[in-house]
Structures are given as structure tokens and as C-alpha cells.
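A.B. asks: This structure is in C-alpha cells; I'll ask about it shortly.
Values in this text are rule-based calculations from the coordinates and carry no lab data. Remember, predicted model here, so these are calculated numbers, not experimental data. Every residue, glycine among them, receives a Cβ derived from its backbone with ideal geometry; neighbour counts consider all protein chains shown.
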């Protein structure tokens, strides 16, 4: 048999094995498909330790419930037999867990465990809000700690409303003012007025002030409480604000600068200006929240053991055993996909790029910076460094020393710009560090070389085509489910090898040339 025959047999064998292996896993995966698609999954454990005194005692805390952005499962409560437990639904949306005991001078412990699955929510805020119906009137009234009718609140609210044209501008002014107040881990209760007076507050004080100012200006608002879930053990809870906008409660966290946005790791526990934990006074009491992140496939209901038992081969064990960092594994799996995409765009479509994997690596960086700001930053840096290195090309410097100069200039520009961005609170400048230095340096060097060999017009044209390729790569690689699919179906990489082999034998006309030679093709007809 000749080489071509051997190649065909090998490719056929690879494709057959890959398709069979994929087919074995498709049915159990489809049967366990989950359209909730959580971004974060944690196992959370409330741990309470206390000693009863000479009287009956009670311990109360708020526990979570399901909603549009969080799902609670596998609840398990462990406590000693002297404690009675009851779950009580309060008026509104809160659920309270209550433990009681009549045993005196006795040590007690409680473990309330559950699995939290969360996803972020980004709210669309209109410029003008509809007037809220009467059933939300209570969210406009002052309270003991949210003094929305206080003289200081009246004065400040009037100032923040000046020169505004829309409701959104008013809320943004309130948010910016509260966010600018220095934060401090103040453990004592801080009401809205005290927050103004001392110009320093924790999440509770900032949330109360935000709500007070909103209510003063006629926007129904309330406190929301919970925990920022992290892979750690801690004792701190968190509070943020919600404003009713067109019958939807929109989240605002003026401590962590989340405007109309709630991150995936925010566990919602209660609404209203309340304390997460209350207990009988005068007892010895301690507590902690233990949180462990669970690796998961976002579109599957299967647990780790069930994923391991899938037929065929997967890379889940590398994630489950922490053999390789998740981000690194995703990058390795996505590189062949991105490389094949760029090869298709070069060989079939006819786009010219600076290298094959360079557009893919740039696309990965854009996943961190955001597409629009990332493209603008990248293009600006490349053009700047390319122009700066032009004199060194004229001097006839050798390649390696010239690369060192470009690298040094690149690092200096990024560090200075990042420092300036942090100092003056310019968010987009702080994103420069997400671009790997070596990618920027190689891109700048290739742009500079292209200007010398082909002139500025062709160099800019090639840069433009590289950015088009990068944009297409970003569009594909930004699919959140794609890395998980590659983890479950690593056989896809074998299909990429087969497809790349077929692509390597493509000798047809490129799509770009169809447009270039369109007049000639018409003339022949």
C-alpha cells in the first residue's frame, strides 16, 4: 500500500473510533441536560456552636430558596438530639431556620449543609421608570435605620437630583456618591444618617444610605442580604440594595461597584433590613460559614461520580483531581479549535494574518478585557509600538536586540498606563495587563516588519484582516459551554486532526478571490 492509502485508512480509523466514543456518551448526557446552566457551584455549611444557660434558648438564621438566578439542593441538617428544628416561612420571601432547646448548661452544635448553584444577572436599566403601584408603598417609608425623611437625607438627595434628566441618571448619581464613601469593616450597626456623618461604612451602612436616598426621591427600594460565596471559611455576611424598576427588583452593590448587576457567587438569603443570625442573649456562641467550590459541567445535572461513570473517555478526572488548572486545560483544548478556524479562514476564505495561533491567543485575551475595549487597546498598542520600532529598523539592528527593545517599551507603556488608570480610576486602562506581553511584542514586531517589507498601507490591511480573524475566533471561543464539551468529548481533537488533513489538501479558489475576480468571471459568461 502507498502512503496515500495508509493515510486514508488511518484517518478513517481515527474518525470511526472518535464517532463511536462520542456516540456512547451522547444519550446519557442528553438525558441529564440542565438548562439552568449555573456558573458557580459550592457546597456550603453553616456551623453554629453554642452553650445554653439556665433558661430555654433559641437560634434563628435565614436560609436560601430557589429563584431565577440561584438553585439550592442537597439540604442536610445535623444537630444533637436535644435541639428541636423548625423551618418557618415569613411574610414575604424569607425562610427562617429555628433551633430551640430546654436543656440547660449544655453544649450544642448545628451543621446546616446545602449545595448552591448560582449565575450572574445583568439588568437592563431604562432611562425613565414607570410609577410603582400602591402595593410597593411600604418600600418608600422611612425606618429606624433607613431615615429617608431625615433633613440630611433631604438635602443630599436634592443635590444628587440636580441637573439630571432621567431616572437612570438620578440612580447613577446616588450610586456613585455612596460608592465613593470610603469602605471600612465596621461591625457595629451603621444607619443611613450615620454613614453620611462619619463618611465611612461597611456594606450595611452603604446599603441603608443607598435605599434611604432612593426612597426619598420616590424610588421603592429595599435591603437584600446574603453571603459572597468563596472557596474559603469565613464569618462575614453581605448586604446590598434593590430598587424597583418597572416591576423588577434591580440589584445595586455600592460597596463592590456592581451597578444593576449581581455576580454569580452572591448567595441571596433574605430581603429587608434584618440580621442574618439572632439568638438568645447571654449565651456562649460562635459560628462560621465553610464553603467549598464544586467542579461542574454547567449544562449537566450529573455529579462528579456520575460524570466519571460515563462510557468512553473524558478529561473530567484532570479537573476533579486538580491535576491541571481549569483555565489551563480549557486553553489547551480550545487552541486546536482556534487553530483550525484560523487555518480555514486563511486557506479557504483567504484572509491574511500575522501567524496562525496569534489571532487565537489575542482572542483569549479579549475574553478577559471585553471585546470592544480589548480590540481598541490591542490595536492602539500595536500601532504605537510598531511606529516606535520603525527607527530601530532603519538603524539595521539585529532581530533579537530589536525584539528586546520592543519588549521593554511594551512593558513600560503597560505599567505606566495601568498605574495611571488605577490612580485616576480609569477602568479600561487597568485591563492592559490581561494581554500577555509576548503576544503584544510579537504582534508589534510583525507589524513593524510588514511596514518595512510591504509599506504602511499593506501592513495596516494585514492588521485589519488579523483583527477580523481574531473577532471570528473570539465569537467561537466565547461560547461558555464549549470548554465543557471538549472536556466530555476529547475525541473532538481527533476529528480536528482529520479535518485539518482534509483542509491541507484543499486546492480550490479562495472566497476572497471570488470577489477580486468577479468582473473576469462575469466577462467569461
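A.B. asks: Please give the length that would be gained between residue 324 and residue 395 if that part of the chain were fully extended, namely 0.36 nm times their separation in residues minus their C-alpha to C-alpha distance (nm, one decimal). Each step should come with its number before you reach the end.
C.D. replies: On the way: separation 71, 0.36 × 71 = 25.56 nm, distance 4.54 nm.
Computed gain between residue 324 and residue 395 is 21.0 nm.
A.B. asks: Shifting gears a bit: What's the FRET efficiency of residue 37 with residue 295 using the Cβ-Cβ distance as r and R₀ = 22 Å, to the nearest 0.05?
C.D. replies: 0.90
A.B. asks: What are the principal axis extents of the Cα atoms in the chain, in Å, biggest first?
C.D. replies: Computed over the Cα atoms, the extents are 94, 61, 52 Å.
A.B. asks: If you stretched the chain out fully between residue 19 and residue 404, how much longer would it get, using 0.36 nm times the residue separation minus the C-alpha to C-alpha distance?
C.D. replies: 133.9 nm
A.B. asks: Ranked highest first by average number of other Cβ atoms within 10 Å, how do 189-195, 61-67, 476-482 line up?
C.D. replies: 189-195, 61-67, 476-482
A.B. asks: Another question, if that's okay. Can you give the helix-only mean residue ellipticity at 222 nm for the chain, where every DSSP H stretch with n ≥ 4 adds -39500 (n - 2.57) and the sum goes over all residues, rounded to the nearest 500 deg cm²/dmol?
C.D. replies: Value at 222 nm, helices only, nearest 500: -14500 deg cm²/dmol.
A.B. asks: Can you give me the angle between helix 167-180 and the longest principal axis of the chain, using Cα atoms only, in degrees from 0 to 90, rounded to the nearest 10?
C.D. replies: 80
A.B. asks: Kindly express, to the nearest 10 degrees and within the range 0 to 90, the angle between helix 399-423's C-alpha long axis and the longest C-alpha principal axis of the chain.
C.D. replies: Result, in degrees: 20.
A.B. asks: I would also like to ask the following. Applying a 10 Å radius around every beta-carbon, put 146-157, 84-95 in order of their mean neighbour count, most first. Intermediate values should be presented prior to the final figure.
C.D. replies: Details: 146-157: 17.8, 84-95: 11.7.
By packing density, highest mean first, the sequence is 146-157, 84-95.
A.B. asks: Can you compute log10 of I(q)/I(0) for segment 89-206 with the Debye formula, treating each Cα as one identical point scatterer, at q = 0.12, 0.15, 0.17 Å⁻¹?
C.D. replies: -0.74, -1.02, -1.18
A.B. asks: Mean separation of Cα pairs under 8 Å and 6+ residues apart, divided by the residue count of segment 121-263: what relative contact order is that in percent?
C.D. replies: Values: 251 pairs, mean separation 39.9, N = 143.
After rounding, I find 28 percent.
A.B. asks: Using the number of other C-beta atoms within 10 angstrom as an exposure proxy, rank 319, 228 with the fewest first.
C.D. replies: Details: 319 21, 228 18.
Fewest to most other Cβ atoms nearby, the residues stand as 228, 319.
A.B. asks: Right, something else. Counting other beta carbons within 10 Å of each Cβ, put 423, 172, 43 in order, fewest first. Spell out each step's value before the answer.
C.D. replies: Details: 423 9, 172 17, 43 14.
So the residues, fewest neighbours to most, are 423, 43, 172.
A.B. asks: For the chain, what's the relative contact order in percent, using C-alpha pairs closer than 8 Å and at least 6 residues apart?
C.D. replies: In percent, rounded to a whole number, it is 17.
A.B. asks: Taking a ≥ b ≥ c as the square roots of the eigenvalues of the Cα gyration tensor of segment 17-147, is the shape rounded (a/c under 1.5), prolate (a/b larger than b/c) or oblate? Numbers along the way, then the final one.
C.D. replies: Working: a/c = 3.50, a/b = 1.21, b/c = 2.88.
It is oblate, given that a/c is not under 1.5 and a/b is not larger than b/c.
A.B. asks: Right, next: So what is the relative contact order for segment 86-179, in percent, with contacts set as C-alpha pairs under 8 Å and at least six apart?
C.D. replies: Working: 37 pairs, mean separation 18.4, N = 94.
Rounded, it is 20 percent for segment 86-179.
A.B. asks: What's the FRET efficiency of residue 100 with residue 419 using the Cβ-Cβ distance as r and R₀ = 60 Å, to the nearest 0.05?
C.D. replies: 0.60
A.B. asks: Right, something else. For 472, 277, what's the fewest-to-most ordering of other Cβ within 10 Å of each Cβ?
C.D. replies: In order of increasing Cβ crowding within 10 Å: 277, 472.
A.B. asks: Please provide three numbers in whole Å: the alpha-carbon extents of segment 202-255 along the principal axes, with the largest listed first.
C.D. replies: Extents along the principal axes, in whole Å: 40, 22, 12.
A.B. asks: By how many degrees, between 0 and 90 and to the nearest 10, does the Cα long axis of helix 371-394 differ from the longest principal axis of the chain?
C.D. replies: Approximately 50 degrees, to the nearest 10.
A.B. asks: Another question, then. Could you please tell me the mean projected area of the C-alpha convex hull for segment 268-375, averaged over all directions and given in square nanometres to one decimal?
C.D. replies: Projected area, direction-averaged: 13.9 nm².
A.B. asks: Oh, and also: So if we plug the beta-carbon distance of residue 513 and residue 11 into 1/(1 + (r/R0)^6) with R0 = 35 Å, what FRET efficiency do we get, rounded to 0.05?
C.D. replies: Approximately 0.80, to the nearest 0.05.
A.B. asks: Follow-up. Which value, in Å to one decimal place, does the Kirkwood hydrodynamic radius take for segment 322-519 when every pair of different Cα atoms is included?
C.D. replies: 18.4
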